[in-house]
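Here the structure is laid out as C-alpha cells; the discussion comes afterwards.
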Amino acid sequence: MERDSMQSMEAAVRERWGDAFAADPVPGTAKFYLTVAYPYPSGAMHVGHGRTYLVPDVVARFWRMRGRRVLYPMAFHVTGAPVIGISKRIANHDPAAIKLYHGLYRVPMDVLERFVDPLEIVRYFSDEYERVMRMAGLSIDWRRRFTTVDPHYSKFIEWQFGRLYEKGYVVRGAHPVRYCPLCDNPVGDHDLLEGDKAEVIRFVLVMFRLGDTLVPTATLRPETVYGVTNLWVNPDVMYVRAAVDGEIWLVSREAAEKLALQEHEVRILEEVPGSALVDQIVTHPLAGEVPILPAAFVDPEMATGVVMSVPAHAPFDYVALRDLQQEGRYTELVPRPLITVDGWGECPAKDAVERAKVTNQHDTRMDALTQEVYSAEFSKGRLHDRLGGATVREARDTVGEFLCAEHGSTVMYEFDTRPVVCRCSSRVFVKILHDQWFLTYSDPAWKDQVKAYLPDISLVPPEVRAEFERTVDWLKDWAATRRVGLGTRLPWDPTWLIEPLSDSTIYMAYYTVAHRIRELDPALLTPAAFDYLFLGVESPEFQDRELLAPLREEFLAWYPYDYRFSAKDLISNHLTFQLFHHAAIFPPELQPKGMVVFGMGLLNGAKMSSSKGNVFLLEDALAEFGADTVRMFLMGSAEPWQDFDWRNELVSSTRRQIERFEATVRDTIAAPDTSGPVDDWLLSRLQRHVTRMTASLESFQTRQALQEAFFGVEADLRWYVRRQPEGSTGGAALRELCSVWVRLLAPFIPFTCETLWQALGNEGLVSFAPWPEADPARDRPALELGEELLSRTVEDVESILKLLPITPSAVEIAVAPAWKREIFRTIAAADDRNAAVRLVMQNEDMRRRGKEAADAAKQCTTLIHRLPPELVENLLQVELDEAAVFAAAREFLERAIGLPVRIVGAEESAHPKASVALPFKPAITIE
RNA sequence: GCGGGGGUAGCCAAGCCCGGUCAACGGCGCCGGAUUUAGGGUCCGGUCUCGCAGGAGUUCGAGGGUUCGAAUCCCUUCCCCCGCACCA
C-alpha cells in the first residue's frame, strides 16, 4: 500500500473509532483495569516508548473483545527537576540542547523559544505524546488525561502524604546531597558537566591527637585503626588549623570548606604547611603513638587531606613506607597486621605489591592492587583473635560505630570520583541537608505488610518475584522531598516539594475519577473529601457526600487495578514503592492484583538512548511503515518482558506479511460457496489456534499469540490451498476462517482488521466484536491425523526422490497390516514403553509370528518415541484407516509428487521394501 | 561487592520448570527453482557433516556426573547483560 493511502486508511479508522474507548463502568459487566507508567514528557517518543504503551493496548483490546469493560487511561508525569534543567539550557542557547530539541525532536524554533518556561516543555510534549499515541491506535480513554501538577492532582498528593504522615511513615532526617555552592542548590544528574557517575561515599574520621589539636584521618575501613603505623600528609600542601564545633582540627584547606557544608561550624585559624607536620607524633587510644610521614600521593581534595597508614593491609601505604625506607628513613616502622585472609600471607598488601613487582608508589597498577586486597579482605577476611575475631564485613561497621561513640569519630561524605562539576562550571560538593523528609521504607512493620500482600499479586513473568521480594527487604528510607523542581508542596512543610518517585505511587486510583474530579473546585478537595472518596471514611464535618458519591462509586467500580505495566529497571524503586503506598493507604481488598514487567529496547542491536541520538522516533516509524506494521513488529519480535531489537529490514518484512494477510482475506470475499475435502480439517485446526492464541494473550505472551494466530493459520492455509482439487482455491470454509482470523488479529493490527471487518460485511467495530471461541464440536481428530499422515508421506517421498539418482516412473505406498497396528497400540498404551516388546510377545498370535513381530515391536517403540506425544495420543483414540486416507487423496498425491501412485496393503506388495511399513509410516517404494 | 537474569546452529529466537516429540518451532539473511521469466513481489525447495531409500554422525558456553536416553536434572567452571536509590 502506498504511504498516502495507508495514512488515509488509518485516518478513516481513527475517525470511526472516535471516542469509543472512553470507558464507563457498566453494572453487572466485569471490568479490566490496566495502567502503564505514565510518561515524563520531556522529549519525543521513540519506538521503545511505543512498545511500552502498545503492550497494554493489545491486552486492552483483547479483553474488550472478550466482553470486559476495559479502562486504559493515560496521564503525564511532569514532576521533578529535569525539565527545569532543559529550560535553563534552552534559555542559555546551549547548542547541544538546541540540537536535540530542534534537530532530533523537530520542535519548531518559535515553540522552542517558549521552552524557557519549563511548563511549556511538558505542555508541548504532552500534546505530542497524545497525538502520536493516537496515531499508533492506542485505545486510551483520553477524558482522564491529567498532569501531576494540576491543582486537583496536587490536592490528591497532599492528601496521600497527609495520610502517610499520620501513620508515621514520613519522618525527618539529615541527608547528604550533591550541592553547587555557586547555584546555592542541590544538583541532579542532568545538571552536571562532569562526574555524573560519582557516588557519595561515607568516610569515618579517625581522630588522632596532636597536642591540643585533633587530626582527623578519613577512612573507609575503620577496623584497620588497630594497624596504623603512621599518618600521611602531603608536604607540598597547605593545611589549616580550624575551630570546628569548638575543637581545633587540622585538615587541608579544601577539607575545611567541605566540612562547613556538612553540619560543622568551621572557622579557620591559621595555615600550616604540610612540611611542618612531618615527623610530629600523634596519638590515638586504639593505635598508640605514631609519627606523621610525608607522602606525595595524599590528595588534599580527598576528604580531610590526612590519611592514616596501615601498611599491612593497604598497598599504597606499604609502598609509600617502603619507598621512604629504601632511602634509609623510618626504618624502625614495621607493618602491623590485624586481618587474616585465606590464600594470603600475614601482610596482604605486601604480598600484592611484591607479586606485582611494583617498584614505587607512582606505579599505575596501585589502584587495581588496592581494589584486589580490599575485596579479598572484605569478603573473606577476619580480625585477629586478640581483636575479637569478627569478619571484616562486621568489624567495619562495629568498629566505626565504636569509634564514633567512644573516640570522637564522626562521619564525612565525599565523592568516590572527582571532580564533580556543575553546569555553571563551579565545583560540586557534598552537603548535608537538614530537615529532609524521608519515607520510612526501612520500617519492618511496613515491609511485613507489603510482604503479606505480595504472594497474592500476579507477576509477569514469574521470575521477577524474587527480585520484588528482595527489593522489599533491601529498601531503605527514601528522601522524598526536594528543594527544586516541579511538584506538589509538602502540606505541613511547604518549603519542600514532593519528589517524582513519591508522587507517582497511587495515582492509578486517581485515574478512576480524573475526568469527574476536574469538574470540581479544587478548594472542595480537602483531605476529608479524599478520605471519603477513596476510603469511604466520613468525618462528622464532611459536607460533600452527595457531590462525591458518584466518584466514589466509579472508584470502587474500577479498583483495584488488574495489571500495572512498567519497565524492568523500575522494580527496585517505582513498582515496589507503589506496593508500599497501597499497603499503607488502601484496605486489603483494594491492593494491586498484578504487574507486568517490560524488557528494554535496542535499535539495531545497540541500546536506545536519546542523549546519544541512537533512537528511532515512533512518529517516523508510524509514518514510514504504518501503525499496524509497527504494532505487529513490536508485539511479535519478543515477549513483553524480553528485550526487543528494532531492525528496519525486519520491520519491512512484517509489513509484507500484513499485506499478504489482507490480500488473502479480500480474496475470500469473492470466493464461491463451494465446499471441499479439507474444509472441516481447516476449521478443526482453527479451533486449536483460537484456544492457544487466547491462552497466550491471557498470559500476556504477545509474541506467542502472534505466532499462533498469524503464522499458524498461514501455514494451515498453505496446506489447504495445496489440497484443493485442480482449479479450485477454496470456498465457504475460507470465509468462515477469515471472520475468525480478522478478529484474532484485531488487537495487534486494528487498523487493517477494522477495515477488513467492514469489507467482510460486518456491522460495527471489530474492536468491540466478540472474541472467537473454540467450538469443540468442530474438532475432527481423524481428519487431522489423515492430513498429518499425507503431509508426512509426501515429505518422505520427496526426500527419497531427492536422494535417488534414478529417473522414477511410479510410487508405491504400502500400508502397514492390522497386526502391526495392534503392536503399535499395545506399545503406545503401555506405561513402560521400554518393556513393551515383552508385553507384545505375551500375545499368542504375535509369538507365532516370531522374529517378525519382535522386530516390528522394536521399530514401533522407536517410532512412538519420535512422534509428538499428542499425536500418539490421538492415534490411540482414533481408528485411522490409512488405506482409505491415501485412496481418497490419490489425485492430490499424484499431483504433489508428479508420478503415478499406487496404494497397496504391505502384505500384498511384491516389493521387499513393503515389509518395513509401520502404522503412520507406510513403506514407500520408488520404481 | 550485593541482588536478578542469561549463554541454543550466519543473525534474532523457541525449547528447558514436567528428561525421549530435538538436528532442534518461527523469523531474518543466504542459495536454488517456479511465475504473464525485473536482480522487486509472491510461491516452492535448500541452508551442521556425510549418505544412490525416508537414514547415520557430531552439535545446544566449557568440563564432569546421574540415566537405557539430557539442550532439558545435579556438580564445577568461564563469559555476558541489568538494578544498587534520591534520578525519571
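The figures follow:
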{"quantity": "Pairwise Cα inverse-distance average, inverted: Kirkwood Rh of the stretch A:658-779 (Å)", "calculated": "14.6 Å"}
{"quantity": "Phi to ³J(HN,Hα) by Karplus 6.51 cos²θ - 1.76 cosθ + 1.60 over the stretch A:351-365, Hz, x for Gly, Pro", "calculated": "3, 4, 5, 6, 5, 7, 6, 6, 9, 7, 5, 8, 4, 6, 8"}
{"quantity": "R0 of 22 Å, Cβ-Cβ distance A:Val26-A:Arg134: FRET efficiency to nearest 0.05", "calculated": "0.35"}
{"quantity": "Extension gain (nm, one decimal) between A:Ala296 and A:Leu524, 0.36 nm per residue minus Cα-Cα", "calculated": "75.4 nm"}
{"quantity": "Relative compactness, the stretch A:867-922, computed as alpha-carbon Rg over 2.2 N^0.38 Å", "calculated": "1.29"}
{"quantity": "Degrees between helix A:732-745 axis and first principal axis of chain A (Cα, 0 to 90, nearest 10)", "calculated": "10 degrees"}
{"quantity": "Accessible-area composition of chain A, carbon plus sulfur, in percent [1.4 Å probe]", "calculated": "51 percent"}
{"quantity": "Alpha-carbon gyration tensor eigenvalues x 5, square-rooted, for the stretch A:789-926, Å", "calculated": "28, 16, 13"}
{"quantity": "Separation of alpha-carbon centers, the stretch A:55-85 and the stretch A:401-417, rounded to whole Å", "calculated": "47 Å"}
{"quantity": "Over 21 Å [Cα-Cα, the stretch A:306-377], rounded percent", "calculated": "18 percent"}
{"quantity": "Exposure rule at most 16 other beta-carbon atoms within 10 Å, DSSP loop chymotrypsin sites (Phe, Trp or Tyr not before Pro): chain A longest free segment", "calculated": "A:543-927"}
{"quantity": "Residue-normalised accessible area of the stretch A:532-611, given per residue in Å² at a 1.4 Å probe", "calculated": "38 Å²"}
{"quantity": "Fraction of alpha-carbon pairs over 15 Å apart in the stretch A:574-624 - percent", "calculated": "65 percent"}
{"quantity": "Modelled FRET efficiency - R0 22 Å, A:Ala243 with A:Leu182, Cβ distances, 0.05 increments", "calculated": "0.30"}
{"quantity": "Two-site label geometry, A:Thr674 and A:Glu346: point separation in nm, points 7 Å out along Cα→Cβ", "calculated": "9.9 nm"}
{"quantity": "Principal-axis tilt of helix A:151-166 within chain A, Cα atoms, nearest 10 degrees", "calculated": "70 degrees"}
{"quantity": "Net charge of Cβ neighbours under 12 Å - reference A:Tyr441; Lys, Arg +1; Asp, Glu -1", "calculated": "-1"}
{"quantity": "Whole-Hz couplings from phi, Karplus 6.51/-1.76/1.60, listed for the stretch A:328-334; x for Gly and Pro", "calculated": "x, 9, 6, 5, 6, 7, 10"}
{"quantity": "For chain A, average projected area of the Cα convex hull in nm²", "calculated": "53.9 nm²"}
{"quantity": "Distant-in-sequence amide H partners of A:Leu71 (H built 1.01 Å from N, under 5 Å)", "calculated": "A:Phe32, A:Tyr33, A:Leu34"}
{"quantity": "Where the stretch A:199-416 is the region considered: accessible area per residue in Å², 1.4 Å probe", "calculated": "44 Å²"}
{"quantity": "Loop-located trypsin sites (Lys or Arg not before Pro) in the stretch A:196-292, at most 14 other Cβ atoms within 10 Å (DSSP)", "calculated": "A:Lys197"}
{"quantity": "Sequence-separation-based contact order of chain A, relative, with Cα cut under 8 Å and 6+ spacing, percent", "calculated": "13 percent"}
{"quantity": "Rg in Å to one decimal, and Dmax rounded to a whole Å, for the stretch A:199-416 via C-alpha atoms", "calculated": "16.5, 49"}
{"quantity": "Tilt relative to chain A, helix A:818-829 - C-alpha long axis, 0 to 90 degrees, to 10", "calculated": "20 degrees"}
{"quantity": "Cα-centred dipole magnitude for the stretch A:658-779, charges only on beta-carbon of K, R (+1) and D, E (-1), debye, nearest 20", "calculated": "320 debye"}
{"quantity": "Residue-averaged [θ]222 nm for chain A, counting only DSSP H segments that reach four residues, each worth -39500 (n - 2.57)", "calculated": "-13000 deg cm²/dmol"}
{"quantity": "Distance between modelled label sites at A:Arg14 and A:Glu546, nm, 7 Å Cα→Cβ extension", "calculated": "4.3 nm"}
{"quantity": "Furthest towards positive pole of dipole, A:Gln701, A:Ala732, A:Leu744, structure part the stretch A:658-779, Cβ charges", "calculated": "A:Gln701"}
{"quantity": "Percent of Cα pairs exceeding the 17 Å cut-off, where the set is the stretch A:748-811", "calculated": "67 percent"}
{"quantity": "Dipole in debye (nearest 20) - the stretch A:64-155, about Cα centre, beta carbon charges: Lys, Arg +1; Asp, Glu -1", "calculated": "700 debye"}
{"quantity": "³J(HN,Hα) computed for each position of the stretch A:106-115 - Karplus, 6.51 cos²θ - 1.76 cosθ + 1.60, integer Hz, glycine/proline x", "calculated": "6, 7, x, 4, 5, 6, 4, 4, 6, 5"}
{"quantity": "Given charges at beta-carbon only (K, R positive; D, E negative), |dipole| of chain A in Debye", "calculated": "1320 debye"}
{"quantity": "Positive-pole candidate from A:Ala256, A:Met595, A:Leu269, dipole of chain A, charges at beta carbon", "calculated": "A:Met595"}
{"quantity": "Mean accessible surface per residue for the stretch A:789-926, computed with a 1.4 Å probe while every protein chain stays in place, in Å²", "calculated": "54 Å²"}
{"quantity": "Accessible area of A:Met238 in the full protein assembly, 1.4 Å probe (Å², nearest 10)", "calculated": "80 Å²"}
{"quantity": "Cα gyration tensor of the stretch A:97-176 - equivalent ellipsoid semi-axes, whole Å, descending", "calculated": "34, 20, 11"}
{"quantity": "Signed unit charges on C-beta, dipole axis of chain A, positive-most listed residue A:Val484, A:Ser309, A:Thr147", "calculated": "A:Thr147"}
{"quantity": "Spin-label model distance (nm) - A:Tyr330 vs A:Glu166, 7 Å beyond Cα toward Cβ", "calculated": "6.3 nm"}
{"quantity": "Förster-model FRET efficiency, 60 Å R0, A:Gln707 and A:Arg489, C-beta, rounded to 0.05", "calculated": "0.70"}
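The values are calculated or read from the model by the stated rules, or taken from the named source; none is laboratory data. These figures come from a predicted structure and were not determined experimentally. Every residue, glycine as well, gets a Cβ built from its backbone with ideal geometry; the counts of neighbours run over all protein chains shown. What goes into the accessible areas is simple: the full protein's heavy atoms, side chains included, and nothing from ligands, DNA or RNA. Shrake-Rupley method; radii C 1.70, N 1.55, O 1.52, S 1.80 Å.
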